[in-house]
1. Between A43 and N87, 0.36 nm times their residue separation minus their Cα-Cα distance comes to what?
2. Compute the helix-to-body angle for 2-35: its Cα long axis versus the longest principal axis of the chain, expressed 0 to 90° and rounded to tens.
3. Return the label of the correct value of Rg/Rh (Cα atoms, Kirkwood Rh), as calculated from the structure shown, out of [x] 1.21; [y] 0.98; [z] 0.94.
4. Evaluate the relative contact order of the chain (contact order divided by residue number), counting alpha-carbon pairs under 8 angstrom at least 6 apart; express in whole percent.
5. Just subtract the alpha-carbon distance of V112 and H130 from 0.36 nm times their residue separation and send over the number in nm, one decimal.
6. Computing the accessible area with a 1.4 Å probe over protein heavy atoms, can you report the carbon and sulfur percentage for the chain?
7. Expressed in nm to one decimal, what extension gain is obtained for the pair L8 and I63 from 0.36 nm per residue of sequence separation less their Cα-Cα distance?
8. Quick one: if the Förster radius is 22 Å, what FRET efficiency do K26 and L99 give, using the C-beta to C-beta distance and rounding to 0.05?
Amino acid sequence: MVITLLFLTLALSAATCFSVNQVFHKTVLKMLSKIFPDDITLAFRRYLAFALYVIGIGGGVRIYDIERYINPAKRGGEESFAPLLLNNERLLLEMVRTLIETLQALAWALFVFFLIILIAWLIIANRQRHTTPQ
């Protein structure tokens, strides 16, 4: 059942990353095309898509949390407890947690990306304003 949980969280996280990439595809391309030439824009877009998959899956598939269902937890001194029981309710809870964590990781990554693009756009606009003859 733990292997099933691992594959389900991986599939859900990858599907979420794919969906978010599709939603923001045109917006990211427009923003990048305002700053970079077309050939570099496509390269940056591919890299951003790759980075979003890595960040989203890394944030959504929490190996250490899944490991609780295999290894007994040690709390305090030498006392150890039985591994958590993985039933249907916990499986559903883990799926919801995976979705939330994936979206949260992607939201932070996109926020940082948009912030960097905004700063770059402001620098370019300011430079163009000062170099244009009046």
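The values are calculated or read from the model by the stated rules, or taken from the named source; none is laboratory data. As the structure is a prediction and not an experimental result, all values here were calculated from the model. For neighbour counting, all protein chains shown are included, and Cβ atoms are generated from backbone atoms with ideal geometry for every residue, glycine included. Each accessible area value is taken on the protein alone, full model and side chains, heavy atoms only, with ligands, DNA and RNA left out. Shrake-Rupley method; radii C 1.70, N 1.55, O 1.52, S 1.80 Å.
1. Full extension of this stretch gives 11.4 nm more.
2. 10
3. Read-out from the structure maps to [x].
4. The value is 34 percent.
5. Going from the current span to full extension adds 3.8 nm.
6. Result for the chain: 68 percent of the exposed heavy-atom area is carbon or sulfur.
7. 18.5 nm
8. It comes to 0.40.
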